[in-house]
1. Identify all lysines with a Cα-Cα distance to Lys156 below 23 Å; exclude those on the same chain that are fewer than 8 residues away in sequence.
2. Could you look at segment 189-235 and say what percent of its accessible area is carbon and sulfur, using a 1.4 Å probe and all protein chains?
3. Which residue fluctuates most in the GNM of the chain (Cα springs below 10 Å): Asp119, Asp95, Asp77?
4. Which of Leu58, Leu128, Leu216 moves most in a GNM of the chain, Cα contacts under 10 Å?
5. With springs only between Cα atoms under 10 Å, which of Leu122, Leu90, Leu231 fluctuates most in a Gaussian network model of the chain?
6. Given 0.36 nm per residue, what is the gain on full extension from Ala235 to Lys42 after removing their alpha carbon distance, in nm?
7. Carbon and sulfur: what percent of segment 8-164's accessible surface (1.4 Å probe)?
8. About the Cα centre of the chain, what is the dipole size in debye to 20, counting +1 per Lys and Arg Cβ and -1 per Asp and Glu Cβ, all else neutral?
Amino acid sequence: MALFIEDENWRFWDQSLSARKRSALESFAADDTLCELVGSQKSPPTVRTWVHDDTIVLGIQDHRLPHIDDAMAVLEDQGYRVIVRNSGGLAVVLDSGVLNISIVLSEKEGAIDIPQGYDMMLELVEALFPEAKIDAYEIVGSYCPGSYDLSIGGKKFAGISQRRIRRGIAVQVYLCIEGSGAQRAEVIGEFYEAGKQGEETKFGYPDIQPEVMASLSELLGRDITVPEVVLDLHALLGSPALMPLKNDEFELYSFYLKRVLERNEKMLERTLE
């Protein structure tokens, strides 16, 4: 089967180890940077892998919970760093057993519509785990539910999102590789319980059912590690040279990092007002 990934000469940036202790905000800035670089064809199409320890990434709607200060305290008491992204989606868990993959492509020579972007990521995940029958539909009761939730046997292990800047598109997936998917879901369930405290809300937050989420290790019945999947991905792309940001690209990254940090600070200020 011909894969879309075989049609490109890829840039590969692996931050599955180097980013772990750093803020996930840096990863959002990195993908924004790559969107502009790839979109303008100053960089080849890029795949970036990233992992961050014990972080909860909230969406815009999450910070509007009626008791958001209590909800954030629940997360912080459990040792999680909390950030707010200025984009769609809802709360997700990042930790050492969750691998994030970003595919960054240019639309300069042709548009890539939203369903096509999702299908590209689905194709990539299917190629990484060919033994699995992976479905893409909303898993009710999961955290950050969406129409392209990836599941096996009705249990979600991944979610996909997209970011578009200056003719660049970053399609991002979080893959729960190791550990317990249900335990991660319980954390988000406690967050929403503390945030709502039984009150009615205009926005329909998910009613978390931990049993509908699992890791790939649990679903495939074998020990799978994040480093193993990174190596498999690298081989799938044709083993391209590792290429982090170059010196002349850091100025652009600094611009996007400053913007991401300022937006997060403003969102948190609004949260605590």
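The values are calculated or read from the model by the stated rules, or taken from the named source; none is laboratory data. Model, not experiment: these values are computed from the prediction. Glycine gets a Cβ as well: all are built from the backbone with ideal geometry, and neighbour counts include every protein chain shown. Areas reflect the complete protein model, heavy atoms only, side chains present, ligands, DNA and RNA absent. Shrake-Rupley method; radii C 1.70, N 1.55, O 1.52, S 1.80 Å.
1. Candidates past the 8-residue exclusion: Lys133.
2. Working: 1260 of 2580 Å².
Reported share for carbon and sulfur atoms: 49 percent.
3. Looking only at Asp119, Asp95, Asp77, the biggest GNM fluctuation is shown by Asp77.
4. Leu128
5. Looking only at Leu122, Leu90, Leu231, the largest GNM fluctuation is found for Leu231.
6. Values: separation 193, 0.36 × 193 = 69.48 nm, distance 2.42 nm.
Extra length available between Ala235 and Lys42 comes to 67.1 nm.
7. Values: 2700 of 5820 Å².
Answer for segment 8-164: carbon and sulfur cover 46 percent of the accessible area.
8. On the way: 27 positive and 45 negative charges, 160 e Å.
Computed about the Cα centre, the dipole is about 780 debye.
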